[in-house]
Each structure stands twice: as C-alpha cells, then as structure tokens.
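Heads up, the thing below is written out as structure tokens.
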Amino acid sequence: ANHLPFTTGGFFTANFRCMVPYAATTNGAAPVHPARPSLYGHGLLGTENEVSAGNVRDMSNEHGFVMCATRWTGMGDDDYNTVLTILTDFSNFPKLSERLHQGMLNFLFLGRLMIHADGLARHPAFQVDGESLIDRSELFYDGNSQGAIAGGSLASYAQDYTRAVLGV
C-alpha cells in the first residue's frame, strides 16, 4: 500500500561460486600476499559458473584475484520463462524488475561476505594453515556482457567497492 518493498515471509538462497588462484596458495603454503577479492558478473542468461571460464581464470592467476560470482537473478539462465511470459504479455514486466532487484542484492551481499571479518576469510575453504587467502582491504567488480550492463547499475549502489571493470 505504501509502495515500499516488503517480505513475503520466505527466504531466498543465492548460489555462488568462487575461484581462488593457485598463485595465492603458494603451492599449498600460507599466502605471503593474500589475493584481492573481486565480484564477477556473468553474461546474458548465464550462471555464476562463468567465473571458471579460461579468461577469468587467467586474469585471476595473473593479477592475484579471488573471483566470486553469483547469478544475476532476472538475467540468469533460470529466467527464460519469466522473459517468455513478458514477451507474451508486457503487463508482466514487473516480474522481471523484481527479480533484477534480487540480483543486485545477491551481488551486494556476496561482496560484503568477501570482505567482512566474519565472512569467507574465516571459512577453511579460503584458508591455508589458518591464514586467509583473501585480502579484505579492498573489493573490486569485473563484469562482462550483461555483467557489465547490470554492473553499472550495481556500482551506483555499491558501498563496498569503488573500482569496477565493465567489459562488453
């Protein structure tokens, strides 16, 4: 009634995938220099699994980034039906914008999880010998294709990073 967002009482689970560069593990030893954290935004109707693509993996290794991605809800591979519903009846367009809002939240929360003291850095999957593989001092964003288009919008809301690469 007041045109503000509200909860439906349910929860949303946002899957994510991270790639730790081999260089950050220094052959299985605790890192001398932890890797810098960066969010990765996938292409149109893609998934968070694109963070494992060869070009992203190469950049991660060459420049020392832990890359984490989540799905651009609203523009992910599971949104085909939503898009088709809109194309058959444009009055359904609000469904897409609601999902896009969720996609923004997914990335904002994942970014915070990457740099927060109680976030990923404390999880054993991101540690060697109890030392974090993540340098929590600064967060970045790298998006390609749809990840660049949506990434521009995300950058306007982001409070945890000030540098973004938007590649199309």
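The values are calculated or read from the model by the stated rules, or taken from the named source; none is laboratory data. Predicted model, so just to flag it, every value in this text is computed and none were measured. All Cβ positions, even for glycine, are placed from backbone atoms using ideal geometry, and neighbour counts span all protein chains on display. The accessibility values were calculated without ligands, DNA or RNA, using every heavy atom of the protein model including side chains. Shrake-Rupley method; radii C 1.70, N 1.55, O 1.52, S 1.80 Å.
Values computed for the structure shown
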{"read-out": "Single residue of 84, 100 found to be open to solvent by 30 Å² or more (accessible area, probe 1.4 Å), touching a Ser or Thr at 6+ places or on another chain (Cβ under 8 Å) and of a type in the set (A, V, I, L, M)", "value": "100"}
{"read-out": "Residues satisfying the stated conditions in segment 27-53, i.e. touching a residue at least 12 places away in the same chain (Cβ under 8 Å) and over 22 Å from the mean Cα position of the chain (by Cα)", "value": "28, 29, 30, 31, 33"}
{"read-out": "Residue 19, sole failed condition from (1) more than 12 Å from the chain's Cα centre (by Cα); (2) crowded, with 16+ Cβ neighbours inside 10 Å; (3) among the hydrophobic types (A, V, I, L, M, F, W, C)", "value": "(1)"}
{"read-out": "Restricting segment 115-144 to residues that are among the small types (Gly, Ala, Ser) and surrounded by fewer than 18 Cβ atoms within 10 Å (Cβ to Cβ), the residue that is modelled with the lowest pLDDT", "value": "130"}
{"read-out": "Boolean, residue 152 is at pLDDT below 95, part of a helix (DSSP H, G or I) and out of contact with any helix residue (DSSP H, G or I) (no Cβ under 9 Å at 6 or more places or on another chain)", "value": "yes"}
{"read-out": "Scan of segment 103-114 for residues that are open to solvent by 30 Å² or more (accessible area, probe 1.4 Å) and more than 17 Å from residue 149 (Cα to Cα), ordered by number", "value": "109, 112, 113"}
{"read-out": "Residue satisfying all of: in segment 22-81; basic (Lys, Arg) and outside any helix (DSSP H, G or I); most open to solvent (accessible area, probe 1.4 Å) among these", "value": "36"}
{"read-out": "Any pair with Cβ under 9 angstrom, 6 or more apart, that starts in segment 75-93 at a residue that is under 21 Å from residue 43 (Cα atoms) and modelled with pLDDT under 90 and ends at one that is open to solvent by 100 Å² or more (accessible area, probe 1.4 Å) and not charged (D, E, K, R)", "value": "75/44; 75/149"}
{"read-out": "Filter result (touching a residue at least 40 places away in the same chain (Cβ under 8 Å) and not hydrophobic (A, V, I, L, M, F, W, C)) within segment 139-158", "value": "141, 142, 143, 144, 145, 146, 147, 151, 153, 157"}
{"read-out": "Members of segment 3-16 that are modelled with pLDDT of 90 or more, open to solvent by 50 Å² or more (accessible area, probe 1.4 Å) and in a loop (DSSP other than H, G, I, E, B)", "value": "15"}
